[in-house]
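The values are calculated or read from the model by the stated rules, or taken from the named source; none is laboratory data. All values reported here derive from a predicted model rather than from experimental measurement. Neighbour counts are summed over all protein chains in view; Cβ atoms, including those assigned to glycine, are modelled from backbone coordinates with ideal geometry. In case anyone asks, the SASA skips ligands and DNA or RNA and just uses the protein heavy atoms, side chains included. Shrake-Rupley method; radii C 1.70, N 1.55, O 1.52, S 1.80 Å.
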Amino acid sequence: MRLPRLPEIDALSFWLGFGLAALLAYALYRLRQQLADLRQTISHRFHRARELLTAGAERRLREDVQRFAQTAHLAGALFALDDVLVPPRLLLPEPPFDPTAPPTDPDLTSVIPRLPDWPELAAVYRAPTIDPAEALAGAAAGLLVLGAPGSGKTTLLAHLATRLARDELEVLSEPHTTIFVHAADLVLPLAPGVDSLEPLIAAAQARASALTAARLPRHLRTRLREYKCAVLLDGLDELPPPVVADVAQWLGQFRQAYPRHLLIAAASLWGYGPLMRLGLAPVLIAPWNAADYRALIEKWGAAWDKLIRSRKRRAPQDTDPHLILGWLGSGNGGRSVFEVTLKTWAALAGDARGKRPVDWMEAYVLRHGVKPIGQRGLGRLAAAMLERELSVGLTRDEAATLVAQVFAGHPGLDPGDFLDDLIARRLLARHRDRLTFQHGLVSAYCAAVHMAAEPEAAVPGQTPTWTRALYFYAALGELTPVVARRLNQAPDFLHSDVLDCAAWLRDSPAQARWRSEVMRRLSRLLMDSNQPEGLRSRALAAFVAAGDASVAALFKQGSTSPDAQLRRLSLLGLGAVGEISAVLQIASHFTDPDLEVRWAAALALGVLEHQSAIEALAKGLLVGDDHLRRACAEGLARHPEEGHPVLQEASAHADVSVRRAAVFGAAAARSDWAMPLIEELLRHEQQWLVRSAASDALARLREPASRALRPALPPDSQGWLVAWAAEQGLGVPPGRGALEVLKRAARDGHEATRRAAAGALGALADPDHSRELYPLLRDASPMVRAAAWEALGLISAAAGQRLAAPAA
């Protein structure tokens, strides 16, 4: 076969082309930096041009976000959020136990119970907190804010949305487009082939003004694809578990496609597990203490006074705010922010109908112009929503039909107009094609009123929403049959039935037949040394929240027990209920053989607002050992008016141990005077012992607290597990292989390894891992047993499932 003849190549042309190509390559090489700079300049100018073209839409979006956020609170129709805001904070979580890390120096705060479902003790004893903006600095992917209904989660998101829209968060390196949406406005599940941006854009449009909404989709698509955004997701605590799972699945798709964005979501304390798997750092919203409530009341008083002055004349029902601000500050312990806000509003408006949450709720509902027949309609709506817990609210047609049944015989009332009026007044809310209550606690109250009027019409369930409704019903109706059914069931792992009933004690009639049995069972939990500390702490918190005068005697008895844990809890209880008569008994525990009991005594005296408590702490500061001196100093730090001057005086005391303790007290005070005082001691103190304490205190004060905020690491990324596996001659492969190594560490590791493994299994929030934790409840080490119990409690709450009690 004959091959085709190749064309002839002209040598001159070849070498000429080769030379030109070489010269061009050389020129490009020499000019590579200039060309890169030119490319970057062109890209920057193009990017800047696009920013200028979208600047108007971005500005309008930011204005919309601010406008909405400033009204996204209980009294948004009256005041801007900034006018009545007490900046919310987050509880600083305890870092997970790491057996390879050097041991930390424990302090007084280590004995404060931090219970998500019973936050009263953390509030009273001022557990360490962190500013939400600082928290964002340590949580690159975002935050999952957890809290009970009425704890202020929406307010926290609204406050952050406002600051983000104003570009006030210095912890972020660049401005973020702010998108603040309600989870019920998301169109889910995501249809096949639909971009994961679309549900978010549609939800943002639902809150946008008419001027912004038309151009918002195009603007947000550009911002979400090419810029950094901050997505704030509210309302997850109002969704049933299947819908929360849909939201979590969509968020996973969204974050995988667009990983650069910051996400801040707020959820309830029950059933949030699917959200934990998104890489968010879970953190609890901080409960409020007495000082926080005083600040809230003062801000409300100032805003109310300004509102009254803006009128031409004072209305007859208006009360002079200065006359009532003082007594409003009492009796707020154990109440939610939502409840105290309603209480304050009712007192200032002069329409208070009593001193219970149901009375403040009634005043709030009536303030929206709801007549008695309308209250019945709201009760019917709320009861129907409770019975259909697997869906979000009701359709408009369903709601109108229910209201029409109540309005039958009243021809002048139109159900549609009634619903539209309450939506406009923001008592009800519209989310796509569904109607809900604007606030879940108002829905619970209205359902309770319906149950009181028609007790045979409802069979209460055991879900969190029913438990909230029964909280209000306890003040309105007969709970004995409900409590009897709950207490006759076999207890679950967390003794949920007893503790749920305990939450209803405070506002129930003193003569209610069921109270004594609930109190007896709480007492048994608290006194039983075989019960886990977490469960005993919850029983203690339930007693404190109940507000029953008899509990002080129980705590006094417990403080004399040979059981050190019971002594510690009882002392904390005496301080939490404000038992002034027990000051001497509490102070007598300064010589207790157990260090944590001595710390609890100092904490209890630190919250008792009485001169005798200050004197006892001052005496302990002067004559105790080093541990007690430090504990007393940190107790004095909790007394701003009288304790802080004692600490300032102690910093110049002749005894070096007193000066050293004063340093720790000043650090705990975190007041304006504290940092300068510690710095002064560091510069001029002669004794190394005091200088060392000052240096350590300054290091802790300046260390970013956000370091403790991290999402749960997968097992293959946990250094202690890799180290333990290496000791066993094993590797830690990614995925399920790492999980098997973790389970083996829980079975076969030494004490510290078993303890760490229990915590790591709990952080996975998967009920399938509970079988590895139950055997650890019988471990020889009390630390391992406690870690296993906490891990199972976390799994139960995150999964929204009741776990079986361990076999006896």
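The table below gives the values:
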{"read-out": "Which numbered condition residue 100 misses (of (1) at pLDDT below 90; (2) open to solvent by 10 Å² or more (accessible area, probe 1.4 Å); (3) in contact with a Gly (Cβ under 8 Å, 6 or more places away or on another chain))", "value": "(1)"}
{"read-out": "Residue within the stretch 259-272 that is among the aliphatic types (A, V, I, L, M), touching a helix residue (DSSP H, G or I) at 6+ places or on another chain (Cβ under 9 Å), open to solvent by 30 Å² or more (accessible area, probe 1.4 Å) and not in a helix (DSSP H, G or I) present", "value": "yes"}
{"read-out": "Helices (runs of 4 or more DSSP H) fully within the stretch 646-720 counting 1 or more residues that are closer than 14 Å to residue 636 by Cβ and not β-branched (Val, Ile, Thr)", "value": "656-669, 674-684"}
{"read-out": "Qualifying helices (runs of 4 or more DSSP H) (wholly inside the stretch 536-631; at least 3 residues being open to solvent by less than 10 Å² (accessible area, probe 1.4 Å))", "value": "551-558, 564-576, 595-607, 611-623"}
{"read-out": "Residue within the stretch 335-347 that is among the hydroxyl-bearing types (Ser, Thr, Tyr) and more than 30 Å from residue 122 (Cα to Cα) present", "value": "no"}
{"read-out": "The stretch 482-496: number of residues that are touching a residue at least 12 places away in the same chain (Cβ under 8 Å) and assigned to a helix (DSSP H, G or I)", "value": "6"}
{"read-out": "Yes/no for residue 752 being modelled with pLDDT under 95 and small (Gly, Ala, Ser)", "value": "no"}
{"read-out": "Total residues in the stretch 360-415, condition part of a loop (DSSP other than H, G, I, E, B), open to solvent by 30 Å² or more (accessible area, probe 1.4 Å) and either of a type outside the set (Gly, Ala, Ser) or touching a Ser or Thr at 6+ places or on another chain (Cβ under 8 Å) (or both)", "value": "9"}
{"read-out": "Total residues in the stretch 192-225, condition open to solvent by 30 Å² or more (accessible area, probe 1.4 Å), more than 31 Å from the chain's Cα centre (by Cα), under 23 Å from residue 423 (Cβ atoms) and not small (Gly, Ala, Ser)", "value": "1"}
{"read-out": "Any hit, the stretch 62-80, residues being of a type in the set (D, E, K, R), closer than 23 Å to residue 288 by Cβ and assigned to a helix (DSSP H, G or I)", "value": "no"}
{"read-out": "Single match in 671, 692 (criterion: among the hydroxyl-bearing types (Ser, Thr, Tyr), free of Cβ contacts under 8 Å to residues at least 12 places away in the same chain and either open to solvent by less than 70 Å² (accessible area, probe 1.4 Å) or within 21 Å of residue 627 (Cβ to Cβ) (or both))", "value": "692"}
{"read-out": "Flag if residue 709 is of a type in the set (A, V, I, L, M, F, W, C), crowded, with 17+ Cβ neighbours inside 10 Å and either at pLDDT below 90 or in contact with a Ser or Thr (Cβ under 6 Å, 6 or more places away or on another chain) (or both)", "value": "yes"}
{"read-out": "When residues of the stretch 125-180 are limited to those that are of a type in the set (Val, Ile, Thr) and in a strand (DSSP E or B), the one surrounded by the most Cβ atoms within 10 Å (Cβ to Cβ)", "value": "145"}
{"read-out": "Extreme residue, most open to solvent (accessible area, probe 1.4 Å), among residues of the stretch 449-481 that are farther than 30 Å from residue 790 by Cβ and not in a helix (DSSP H, G or I)", "value": "459"}
